[in-house]
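So the structure is just underneath, and the comments pick up after that.
Derivation of every value follows stated rules applied to the coordinates shown; laboratory data play no part. Since the structure is predicted, the reported quantities are computational estimates derived from the model, not experimental observations. Cβ atoms come from the backbone with ideal geometry, glycine included; neighbour counts cover every protein chain shown.
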C-alpha cells in the first residue's frame, strides 16, 4: 500500500513521462513501422522500455548533473546521431520515391533480421541527445523535488514509457487494414524521411555549434 505522499509523485512521474515520450520522433516512428509490419515487435518494445528504465534510473541517481558537466560528450552524440538519422531518413525517402522493392518485400513477408532490428532500435534510442536531456536531465532533476518519494516519481515515468511503447508497438496492427494500400506505406515512409531528416539536421547544427 502506497503512503499518501507517494501517489502524487507516482502520477506526476507518469504524466511527465508520457508528455515527453508521446510525440512524433525517430524512436516512435520506428516502433510504429515495426508494429505495422508485425516484425520483431516484442524485441523492439522491450529494447525501448528497458532503455528508458535505465535512463530514468540513471537520472534519479544523479547522472544528469554529471552529463551537464561533459558538454563534449553531448557534441559527439549529436554528430553521431545526426549521421545515423540522416542515413535512415535517406533510406525511408528512397522507399517512398521508389517503392517497388520495399512493397514487394512487405507483400512477401520478407523480414529484417532480429540483430539488425535490435541494433537499429538501440541506435535510434541511444544516439539521440534529446533522450538524455529529457529523460536523464529533466526527469532526474524533477525527481529530486520529491525527495524520499523520488523513486515513486521514477516508477510512474517508467510505467508511462512501458505502457506507451507496448501500446504503440502491439496496437499498430489495428491500422494494418489502412496499410493494405501501397500508397499508405509510401506516405508513412515519407513522414519517416521528413522526421528523421529534420531531427538529423537539428542534431548536426547542435553538434557543430558545441552542443
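Axis angle, to the nearest 10 degrees, between helix 71-97 and the longest C-alpha principal axis of the chain: 30 degrees.
Pairwise Cα separations in segment 137-211 fall into 10 Å bins from 0 onward with the following percentages, short to long: 15, 22, 29, 26, 8, 0. Relative to the longest principal axis of the Cα atoms of the chain, helix 114-126 runs at roughly 50 degrees. As a size descriptor, the averaged projected area of the C-alpha convex hull of segment 6-98 was calculated at 8.0 nm².
Helical runs (DSSP H, four residues minimum) scored at -39500 (n - 2.57) apiece and divided by the length of the chain put the mean residue ellipticity at 222 nm at -24500 deg cm²/dmol.
When 125, 145, 29 are sorted by how many other C-beta atoms sit within 10 angstrom of their C-beta, beginning with the fewest, the order is 145, 125, 29. Based on Cα coordinates alone, diagonalise the gyration tensor for segment 120-174, multiply each eigenvalue by 5, take square roots, and list the semi-axes in whole Å, largest first. Taking √(5λ) for each Cα gyration eigenvalue gives 25, 17, 6 Å.
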